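The values are calculated or read from the model by the stated rules, or taken from the named source; none is laboratory data. Because the structure is predicted, anything quoted here is derived from the model rather than measured. Ideal geometry is used to build each Cβ from the backbone, glycine not excepted, and the neighbour counts take in all protein chains shown. Please note that ligands, DNA and RNA were not included when accessible areas were found on the heavy atoms of the full protein model with its side chains. Shrake-Rupley method; radii C 1.70, N 1.55, O 1.52, S 1.80 Å.
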Amino acid sequence: MQLLSKNILGALLILMLLAFLYSSFAGTFKEVQEISLSELVRKINSGEVSKITVQDSDLKVVLKNNTELKSKKENEAALSETLKNYGVSEESLSQVAIEVQNPSGALYWMGALLPFLLPFLLIVAFFWLTARQVQRANVQAFTFGQSRARVIYPNNAKERVMFKDVAGAKEAKEELMEIVDFLKSPKKFIDIGARIPKGVLLMGAPGTGKTLMAKAVAGEAGVPFFHMSASEFVEMFVGVGASRVRDLFKMAKKAAPSIIFVDEIDAVGRHRGAGLGGGHDEREQTLNQILVELDGFETNESVIVMAATNRPDVLDPALLRPGRFDRRVVLDLPDIADREEILKIHSKKKPLAQDVDLRRIAERTPGFSGADLANLVNEAAIVAAGGSRKQVGQMDLINSIEKVLLGPERKSHVLSEKEKKILAYHEAGHALTAAAMPETDPVHKISIISRGRAAGFTLKLPTEDRHLYSKTHFLSELAVSLGGYASELVAFGELTTGASDDLKKATDLARALVTKYGMSEKIGPLAFGGHEAYVFLGKDFSSERDYSETWATLIDKEVTRLMQNALKRSKEILTRHKHALDALAQKLIKDETVERDEFAKFVRQYGVA
Ligand code: ADP
Ligand code: MG
Ligand code: ZN
């Protein structure tokens, strides 16, 4: 709209400019000599003139020898009259062809009309634009309560997802197969009187493929897939969410059999009554409407509602009641075999070099979600393309692991000599403590090149997927976390702000040991503070304390003791291996990164482990 009005104005301006240029230049393109009227009369009388063209007061004179001249007459008078007055004889005049031209067509009209037309045009344009805007606003108001669902139809080959596009998740697929069967041939189930679940809740960490899986169910069953994020229900105005829910369900029922997918349902489905805004905020109304629609389904309506959340713990219990989202499917972070599968799926369309071993990449990426792995492969392809290589190599993939894990390198982050030294000792402290402590994950890489938010990093990765963690492991982790802090103390006897993130992480871990895992002898097998009251606006929540002052003091004491012990152990290790610490720090200052093999050799050489 804006563009259009600009275009009109622009066009008008250009037109006017052209007209102006033309009129001022048209006459001067050819250098034509101007003669006076009396001169012209003389020429006519002597029979030199063959033709005169009259345009307004301008005379274009063509002589018999083809030279062109120009002249002027008074505006009003006719040419023949004027010439006669100047004493041209009838006879000689009759030998001259006189042509009277109307002032040049289009241009003349433009010049004459534009000044009148322009304001008129502008007014028309203005009214037209406002009218359209009003119309649009009307349309908008009208469609406000309509759902904004995106639909994927089964004949959309490009967006259709099948189970084979989702790696791993075998159990989830098995459970969902039943839903697929039902959507494919609902009659079979209805005839036998089976009650088919209406709602399926997909639960899992971000990026584990919940959205993907829901699409795959629709793809397998060959039914339309209505996709909407719960946050899209909620607008500024109360009641819009509920109306959108109604509309979405109406659309889906019309297209039955079909799937409705409500992504991130925790955005509206949080525990009701926990909000600060009284009992009736917009979220609640939206949630209520979803419940009403779910309950209102006839058993023979073959519409399945799927929803996804990564916070099942905060969902309103009403959502989980039988007859609502009573089917729950969990999507776990992929294990090593699944990770390899996911890597395979995502590298299908990318040419891989001979040396690529996806199993090795899968080994190195415990804790990565499907989305992380997809991202990893993509990053590697980008790096390969940036290096003008035709294939993605193993090193591209390995380097992308760090990038996905820690963010891109920040080469512009320039350190002074002194900062570099402190950073080198800090990271060397983490690494050596990790090497010396039992049950820690092996160090993959140490670097003082900043990445993402971290100034430097010591990357430790477990060798296998871990599900249980021992107390020994946690205590070692505590010491490793404080390794940087300890190293600064041992090497410089002075502390910097560089350790603040480490301290926070370590303190959180120590507190969890005491209050969650029962790993402190003094406190024993107790868990504290599990009740979190969620505030309706978002992630912030306040943890309500459900224990007495006495316990609080004891817990704080235990946390302090664990931290002190960890620091003591780390300092001990670094003092005992001060040579190794100095050498490793020097190496880091020189090379900036130390890789796993090099570090292992170093550790053996100095007898650290
Ligand atoms: P969620 O909805 O759980 O946050 P998504 O379904 O949006 O996760 O997954 C994001 C992307 O990660 C997908 O588009 C897909 O490319 C990739 N992905 C995740 N899990 C898998 C999987 N099991 N197999 C293949 N790709 C996956
Ligand atoms: Mg999702
Ligand atoms: Zn650190």
With the calculation restricted to Cα positions, what are the radius of gyration and Dmax of the range 336-406 in angstrom? 10.7, 31
Please give the solvent-accessible surface of T67 in Å², to the nearest 10, using a probe radius of 1.4 Å with every protein chain present. 60
Full-extension gain in nm, T553 to A609, via 0.36 nm per residue minus C-alpha separation: 16.4 nm
Rounded to whole Hz and in sequence order, give me ³J(HN,Hα) for the range 81-98 from the Karplus expression 6.51 cos²θ - 1.76 cosθ + 1.60, θ = phi - 60°, writing x for Gly and Pro. 4, 4, 4, 4, 4, 7, x, 8, 7, 3, 4, 5, 5, 5, 7, 9, 7, 10
Quick one: the Cα spread of the range 417-606 along its three principal axes, in angstroms, biggest first? 52, 38, 37
Excluding same-chain residues fewer than 8 positions from K198, which lysines have a Cα within less than 19 Å of its Cα? K173, K184, K187, K188, K210, K215, K250, K253, K254
Dipole of the chain [Lys/Arg +1, Asp/Glu -1 at C-beta], most positive-end residue of L37, T515, T53: T515
Ranking V594, W109, I265 by how far each Cα lies towards the positive end of the charge dipole of the chain (+1 on Lys and Arg Cβ, -1 on Asp and Glu Cβ), the top one is V594
Per DSSP, loop trypsin sites (Lys or Arg not before Pro) in the range 395-431 with at most 10 further Cβ within 10 Å: K411
Rank V100, V490, V392 by accessible area, highest first, at a 1.4 Å probe radius? V100, V490, V392
Give a quick list of GluC sites (Glu not before Pro) in the range 411-442 that DSSP marks as loop, anything other than H, G, I, E or B, with at most 15 other Cβ atoms within 10 Å. E439
Could you check how much of the accessible area of the range 31-102 is carbon and sulfur, as a whole percent, using a 1.4 Å probe? 42
May I ask you to rank M437, M162 by accessible area, largest first, using a 1.4 Å probe over the protein chains only? M162, M437
Here the Cα Rg-to-2.2 N^0.38 Å ratio for the range 341-451 is 1.24
Rg and Dmax [Cα atoms of the range 279-411; Å; Rg one decimal, Dmax integer]: 21.5, 62
Under unit Cβ charges (Lys, Arg +1; Asp, Glu -1), what dipole magnitude, rounded to 20 debye, does the range 31-102 have relative to its Cα centre? 180
Taking every eigenvalue of the Cα gyration tensor of the chain, multiplying by 5 and rooting it, what semi-axes result, largest first, whole Å? 79, 41, 25
Loop-resident GluC sites (Glu not before Pro) in the range 70-131 with no more than 16 other Cβ atoms inside 10 Å, DSSP not H/G/I/E/B, are E74, E76
At a Cα cut-off below 19 Å, give the aspartates and glutamates reachable from K390, other chains included and same-chain residues fewer than 8 away excluded. D355, D357, E379
Report the label-to-label distance for I589 and K84 in nanometres (one decimal), using points 7 Å from each Cα along the Cα→Cβ vector. 11.3
For the range 140-265, state the semi-axes of the equivalent ellipsoid (square roots of 5 times the eigenvalues of the alpha-carbon gyration tensor), sorted largest first and rounded to whole angstrom. 26, 18, 14
Considering the options N310, L121, A169, tell which one lies farthest towards the positive end of the dipole of the chain, charges being +1 on Lys and Arg and -1 on Asp and Glu at the Cβ, about the Cα centre. A169
Leaving ligands, DNA and RNA out of it, work out the accessible area of W109 with a 1.4 Å probe and give it in Å² to the nearest 10. 150
Using a Cα-Cα cut-off of under 18 Å, which lysines could be cross-linked to K70, ignoring same-chain neighbours fewer than 8 residues away? K30, K43, K51, K60
Per-q log10 I(q)/I(0), the range 425-501, q = 0.14, 0.18, 0.27 Å⁻¹ (Debye; single scatterer per alpha-carbon; no solvent): -0.46, -0.73, -1.31
For V392, what residues show an amide H to amide H distance below 5 Å, using hydrogens built from the backbone and excluding near sequence neighbours? L352, A353
Per residue, how big is the convex hull around the C-alpha atoms of the range 31-102? Give it to me in cubic angstrom, could you? 79
For the chain, dividing by residue count, accessible area per residue (probe 1.4 Å) in Å² works out to 55
In the chain, what percentage of the DSSP-assigned beta bridges are antiparallel, given to the nearest 5? 50
Distance in nm between N156 and I382 label points, each 7 Å along Cα→Cβ, equals 2.6
5 angstrom amide H check on L331, placed H, neighbours 5+ away: M203, G204
Sorting R246, R364 by accessible area (1.4 Å probe), largest first, what list results? R246, R364
